[in-house]
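Notes for the one structure printed next.
The values are calculated or read from the model by the stated rules, or taken from the named source; none is laboratory data. None of these values were measured; they are calculated from a predicted model. All Cβ positions, even for glycine, are placed from backbone atoms using ideal geometry, and neighbour counts span all protein chains on display. Accessible surface areas use protein heavy atoms only, side chains included; no ligands, DNA or RNA. Shrake-Rupley method; radii C 1.70, N 1.55, O 1.52, S 1.80 Å.
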Amino acid sequence: MLRLTDVHLAYGHVHALKGVSLAVAAGEIVTLIGANGAGKSSTLKAISALHPLRSGAIEFAGEAIHALPPHQVVARGVSHCPEGRRIFYDLSVRENLLMGGYLLGKKELEERLAAVLDLFPRLRERLAQAGGTLSGGEQQMLAIARALMCNPRLLMLDEPSLGLAPLMVEKIFETVLSLKKGGLTVLLVEQNAGAALAVSDRAYVLETGRVTLAGDSASLARDERVVKAYLGG
Amino acid sequence: MSGRRLTHDLFFYLGMLLIFLPFMGGKVAYLPVVFAAVWGLGRFVRFAGENRGIVRFREGVVTAVAERQRLAIALILAVAVGLPFVSSNYLIEVLTSALLYAILASALNITVGLTGVLVLGFIGFYAVGAYTTGILTAKFALCNFWVALPLSGLAAMLCGILLGIPALRLKGDYLAVVTLGFGEIVRIFLTNLDRLTGGPNGILGIKRPSLGPFTIDQPREFYWFALAVLALVVLAVARLVNSRYGRAWIAIRENEMAAAALGIDVFRKHLLSFSLSAFFAGIAGSLFAVKQGFISPDSFTFYESVLVLCMVVLGGIGNVTGAVTGAFLLIVLPEFLREFAMYRMLVFGAVMVAFMVFRPHGLLGSRLIAREAVDREDAGAA
Amino acid sequence: MFLQHLLNGITIGGSYALIALGYTLVYGVLKLINFAHGEIYMIGAYLGFILVSLLPALPPFFQGHLLFFLLIVFLVAAGLCALYGFYLEKVCYRPLRQAPKLTPLISALGASIFFQNFVMLTMGAKDRIFPQTVGMTTYTVAGVTGTPLQLAIILSSVFLMALLWWFINRTRLGVAIKATSTDPLMASLLGINVDTVISVTFMAGSFLAACAGVMIGLYYGTINFTLGYLGGIKAFTAAVLGGIGNVPGAMVGGFLLGIIEALGAGYFSAEYKDVYAFFILIAVLVLRPAGLLGKGVHERA
Amino acid sequence: MSDILTTDNISVAFGGVSALSGVSVEVREGEILSIIGPNGAGKTTFFNAVTGTFPPSAGRVFLEGKEITGKKPHEVARLGLARSFQNLKPFAEMTLLENVLIGRESHAVTGMLATLLRTRAFAADEERQQQKARELLAFVGLERRQESLARNLTYGERKMLEIARALALEPRVLLLDEPVAGMNPTETGFVMELVRKIRTQGITVVMIEHDMRMVMGISDRIYVLDHGELIASGLPHEVRANHRVIEAYLGGGKHAPTH
């Protein structure tokens, strides 16, 4: 469904991606793991066209998307829930969600809103509240809910567990699993490699802007190098 | 070029035609010519931007000049000293006023370029300096120029401190507005405090200074005098930049919180840069008063503040030589446009926009650009 | 006497508020002071002048329906000015999104100089007198003298502000403006075309400024190409007074500034009229650095 | 060992929301003390309150027995309390050497006049500070990049630069806010070694950290914050066994942080 071919990306002099190639098939959860600065978030940014590529190609559902502006990438069905949640603090929960469905038609939007709220009943109680007044866990839920509003085919989650209490982390990953059951494809970036490998089908390990390891999650979780570097064995 | 782009451009210019139409009356015929020129320029610049050879050439020049700094400075100074021998009196007057603006721009560069504090009413300090000299030497004839000169600087500095103490607690754009307010307040007071300032008519008969048997009377002599002052100011600013003061200022510009956590008294360092700027501006004002022999509030409008700010930005923010270059460009260039007479300012405005769009880092580039060029070579060697 | 000054202050304050909204909206989405905004206001006034001058040449129907005619004048002038705003952003600001902070400021000042001289060259440097359209009959109620025009100006300012409020709180595009103000990057990740939102913001601000320009033209009767400078600075002051980036703040700031000026000029001295505004501004900022309605500056951990 | 830094019931509230309530800690001279707790527990707020970045709304702070409550951040820094930031804040447009020299500012002695006249005292002082700055860069392993611009550093290098810069103050106490967040195990090991070396120079270290191996490996004592309150303190093994801590932070779930 998604294919990156030899993607290079640089911020000024910092060469963040040095030839990343990876693929995500429809309906699977794929995790990117790696240390900070390894290029995980940069990969997601490249896919959602937040930063122009130096070279390489990104294909989504058979179409090259790397030359499109970000909003058109979203229109193709790629939703990116970035690190740090980035809730619109001054907007109400409802307005936050409506912004998530910015590209939908009026009727479609109402339907989608109802569907997403069914997934996150907590948010229904807080529709009128300003986004900034939610707790950390609720904000993360809102961020995911907002990213789902556009009815994406591929959901990219950047560090959804960051800074959350263990219970909350579990909840988030359960949600991700249930989304997969609903047929959504998920590309996950996580520091919390253990938890991420537990829910995902396949994973890529990134180091200094390159893919150094790839495989199905179960065998990666047993791989000596991964255990040593990311699972703290 | 794709057809879509062409349609886009067509609509773009048709829309522009539409908005200018109500003002143009019968003169619409000029516009397509102007548009064609703008379009062509845009294409050229896009080509130049994409052409890596041109970029590399520019970096090469920056590095080369940076390496031979002393030589470059000596050369420029020699030319500057020699210039009056081959210029008309009129040109010398223009150059002298460019020198004064260069002092102002260098002074403003301390706050805007180094500390990152946007000052929009800078001309207020210049006005204070000019009026101090005017009042002391001409209006009440209390002392001669050589006493008035430092006093003018100090008076402006005092204003800077008085304004800075409350204002510098503000951040960014809020501070900018307060300084803008200061500039306006100064001008309005100058206009209305008739007995002290002569009101709208200003102060007349300010004499050029004398030093022992010499008077600095001729345009040429005054030019040299102004040049000497400018050289001193630039030297002082350059030395401050390359010292713990300059470093602290830049640190504050980059991140106040981190600077404070490292023991830098942000407020005092701000105040220091602010009052130093004001001091140099006051000195420039004093020179302006004796150069003109006549001052009135009309010389100290918001437009002048903007002009000085443009010099700093045009030359390259935070770049000591950039400020001086910017000043000469903005004063001397419009003189060449004199033939266009009434269209001069129109063209000037358009050029300013074009310049920023095509050279956002200023003519000489900021301090950063020069260093990036060097750092890139390091990275290449490593 | 007090009520009289208050009325005059509110009339003027309404137009300050309308211009201030333009500064505040743009500041919200781009974190940039649009210094050419004052010129847009001036151009609005001139467009109003040009259109009103057409009246004698128009079919008698318009002379008979003056209000209708003025409505058209407003719409056309404001519509054209919205285009000016669009072009201003597109030419002077859009290429500079990634540039150092002061660069767009300089290009704005360049645009400002350009517009001023353009209007001066085409319309002349002298004051232009607005043709008498609305009758100058005055009414005196409880010692306060006012004209129907004054009332109309106040009502239209309030109406336009209500319109803006509706736009940014009740329409999807409006909420997108708010969202883009908080976090443009996130907005683009949700499929919002940030460039469009920014263009719309400039157009909305310019629309309001043009309305203010036409109103001021009708109110004072004379306009000049330098009008934008002081008007712009005052309105900007009003925006900062209320807390820049804050929409209700700009409205409050505008009215407040108008009233302060009118009272100051009425009770103290008219020569220093422009100074009061700045002194109040400095005082407010020193006591409440983020403006009257602005939020405190806090770093999000 | 005597207490070098103590807080007495400090509280911080942002717009009615309490971020820190009644926290009292005693930091002993020469120790390595860690503060742990879930995100949002108030750890960084605690640093901000102690260093005067956002002064506490109640309570008092003492450094070496002297009260420093409500002092400005730069005054606190000059009194010997240095800190690093969680979100990195190097001066991006300055070289590494200049970054560290900023930290030397409070030790520089040349005045304005000497600077303008470039006196011999100026040159000597400048040389002295640069020497010290170079030593510090070598200490954190960045000596070869001293002329690079800070903006061109990698993430890990920036963290090192922050530490070198804070050390330039010659502090008595060093506060480190998540020094190894986002680092790989090799880099973490290097930082652990570095923190130990800093302690041998007689500098007390207080750090906020999530990396349990780091925390358990080098801390003498640990404080645990949750929802703005101190819920536990003690030696590493005591804290690890404390059931409140497990509940609030360490967690027993299958998705608990494992690194």
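In the stretch B:277-286 there is no residue matching the filter, namely being open to solvent by 30 Å² or more (accessible area, probe 1.4 Å) and either within 10 Å of another protein chain (Cβ to nearest Cβ) or closer than 20 Å to residue D:166 by Cα (or both). Whether any residue in the stretch C:26-39 is part of a helix (DSSP H, G or I), aromatic (Phe, Trp, Tyr), buried (at least 23 other Cβ atoms within 10 Å of the Cβ) and within 12 Å of chain B (Cβ to nearest Cβ) is what I want to check. So far as the stretch C:26-39 goes, yes, one or more of its residues are part of a helix (DSSP H, G or I), aromatic (Phe, Trp, Tyr), buried (at least 23 other Cβ atoms within 10 Å of the Cβ) and within 12 Å of chain B (Cβ to nearest Cβ).
Which one of B:278, B:259 is within 30 Å of residue D:161 (Cβ to Cβ) and either among the acidic types (Asp, Glu) or at pLDDT 90 or above (or both)?
Numbers: B:278 fails: within 30 Å of residue D:161 (Cβ to Cβ).
Answer to the check: B:259.
Summed over the stretch A:82-132, the residues that are more than 9 Å from every other protein chain (Cβ to nearest Cβ) and among the aromatic types (Phe, Trp, Tyr) give a count of 1. Scanning the stretch A:48-71 for residues that are surrounded by fewer than 16 Cβ atoms within 10 Å (Cβ to Cβ) and either of a type in the set (D, E, K, R) or within 8 Å of chain C (Cβ to nearest Cβ) (or both) yields a total of 4. Could you check, for the stretch B:237-258, whether at least one of its residues is open to solvent by 10 Å² or more (accessible area, probe 1.4 Å), in contact with a His (Cβ under 6 Å, 6 or more places away or on another chain) and part of a helix (DSSP H, G or I)? Within the stretch B:237-258, not a single residue is open to solvent by 10 Å² or more (accessible area, probe 1.4 Å), in contact with a His (Cβ under 6 Å, 6 or more places away or on another chain) and part of a helix (DSSP H, G or I). Of all residues in the stretch B:140-149, none are of a type in the set (A, V, I, L, M, F, W, C) and within 30 Å of residue C:241 (Cβ to Cβ). Checked against (1) outside any helix (DSSP H, G or I); (2) small (Gly, Ala, Ser); (3) under 22 Å from residue A:46 (Cβ atoms); (4) touching a Ser or Thr at 6+ places or on another chain (Cβ under 6 Å), residue A:128 meets all criteria but (3). Within the stretch C:273-287, the set of residues being surrounded by fewer than 18 Cβ atoms within 10 Å (Cβ to Cβ) and either within 8 Å of chain B (Cβ to nearest Cβ) or in contact (Cβ under 8 Å) with a residue 40 or more places away in the chain (or both) comprises C:279, C:286.
For the stretch C:200-212, indicate whether the set of residues that are touching a residue at least 60 places away in the same chain (Cβ under 8 Å) and among the hydroxyl-bearing types (Ser, Thr, Tyr) is non-empty.
Initially, the stretch C:200-212 is screened for residues touching a residue at least 60 places away in the same chain (Cβ under 8 Å), giving C:201-212.
Those still in the list that are among the hydroxyl-bearing types (Ser, Thr, Tyr) too: C:201, C:206.
Yes; the residues of the stretch C:200-212 include at least one that is touching a residue at least 60 places away in the same chain (Cβ under 8 Å) and among the hydroxyl-bearing types (Ser, Thr, Tyr).
Residues of the stretch D:3-24 that are in contact with a strand residue (DSSP E or B) (Cβ under 7 Å, 6 or more places away or on another chain) and over 23 Å from residue A:165 (Cβ atoms): D:3, D:4, D:5, D:6, D:7, D:8, D:9, D:10, D:24.
Do you know which residues across the stretch B:276-321 are part of a helix (DSSP H, G or I) and hydroxyl-bearing (Ser, Thr, Tyr)? Within the stretch B:276-321, B:277, B:286, B:299, B:303, B:305, B:321 meet the criteria.
Of the residues making up the stretch D:161-208, those that are assigned to a loop (DSSP other than H, G, I, E, B) and within 14 Å of chain A (Cβ to nearest Cβ) are D:178, D:179, D:180, D:181, D:182, D:183, D:184. Within the stretch C:86-109, the residues that satisfy the criterion of being more than 7 Å from chain B (Cβ to nearest Cβ) and within 13 Å of residue B:313 (Cα to Cα) are C:101, C:104, C:105, C:108.
Name every residue in the stretch B:328-346 that is at pLDDT below 80, more than 8 Å from every other protein chain (Cβ to nearest Cβ) and open to solvent by 30 Å² or more (accessible area, probe 1.4 Å), in order of residue number. Those that are at pLDDT below 80, more than 8 Å from every other protein chain (Cβ to nearest Cβ) and open to solvent by 30 Å² or more (accessible area, probe 1.4 Å): B:333, B:335, B:336, B:337, B:338, B:339, B:340, B:341, B:344. Residue under question is residue A:164, and the condition is that it be under 19 Å from the mean Cα position of the chain (by Cα), farther than 20 Å from residue A:29 by Cα and assigned to a loop (DSSP other than H, G, I, E, B); does it hold? It is true that residue A:164 is under 19 Å from the mean Cα position of the chain (by Cα), farther than 20 Å from residue A:29 by Cα and assigned to a loop (DSSP other than H, G, I, E, B). So which residues in the stretch A:181-209 are in contact (Cβ under 8 Å) with a residue 12 or more places away in the chain, more than 13 Å from the chain's Cα centre (by Cα) and away from chain D (no Cβ under 14 Å)? Residues satisfying the conditions are A:183, A:201, A:202, A:203, A:204. Of all the criteria given as (1) crowded, with 17+ Cβ neighbours inside 10 Å; (2) more than 8 Å from chain B (Cβ to nearest Cβ); (3) not hydroxyl-bearing (Ser, Thr, Tyr), the one not satisfied by residue D:149 is (2). Would you check if residue A:117 is open to solvent by less than 60 Å² (accessible area, probe 1.4 Å) and of a type in the set (A, V, I, L, M)? When the stated conditions are applied, residue A:117 passes them. In this structure, does residue B:128 turn out to be within 10 Å of chain C (Cβ to nearest Cβ), among the hydrophobic types (A, V, I, L, M, F, W, C) and part of a helix (DSSP H, G or I)? For residue B:128, the condition - within 10 Å of chain C (Cβ to nearest Cβ), among the hydrophobic types (A, V, I, L, M, F, W, C) and part of a helix (DSSP H, G or I) - is not met. For the stretch C:169-194, the set of residues classified as outside any helix (DSSP H, G or I), touching a Phe, Trp or Tyr at 6+ places or on another chain (Cβ under 8 Å) and either more than 7 Å from chain A (Cβ to nearest Cβ) or open to solvent by 10 Å² or more (accessible area, probe 1.4 Å) (or both) consists of C:183 only. For the stretch C:147-166, the set of residues classified as open to solvent by 20 Å² or more (accessible area, probe 1.4 Å) and not polar (S, T, N, Q) consists of C:148, C:151, C:152, C:154, C:155, C:158, C:159, C:162, C:163, C:165, C:166, listed by residue number. The residues of the stretch B:112-125 that are within 19 Å of residue B:169 (Cα to Cα) and either part of a helix (DSSP H, G or I) or touching a Phe, Trp or Tyr at 6+ places or on another chain (Cβ under 6 Å) (or both), listed by number, are B:112, B:113, B:114, B:115, B:121. Only one of the listed residues (B:154, B:170) is under 16 Å from residue B:273 (Cα atoms), away from every other protein chain (no Cβ under 14 Å) and of a type in the set (A, V, I, L, M). That residue is B:154.
Here's the yes/no breakdown for (1) assigned by TED's automatic domain parsing to the domain that holds residue A:144; (2) farther than 25 Å from residue A:26 by Cα:
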| site | (1), (2) |
| --- | --- |
| A:72 | no, no |
| A:84 | yes, yes |
| A:100 | yes, no |
| A:105 | yes, yes |
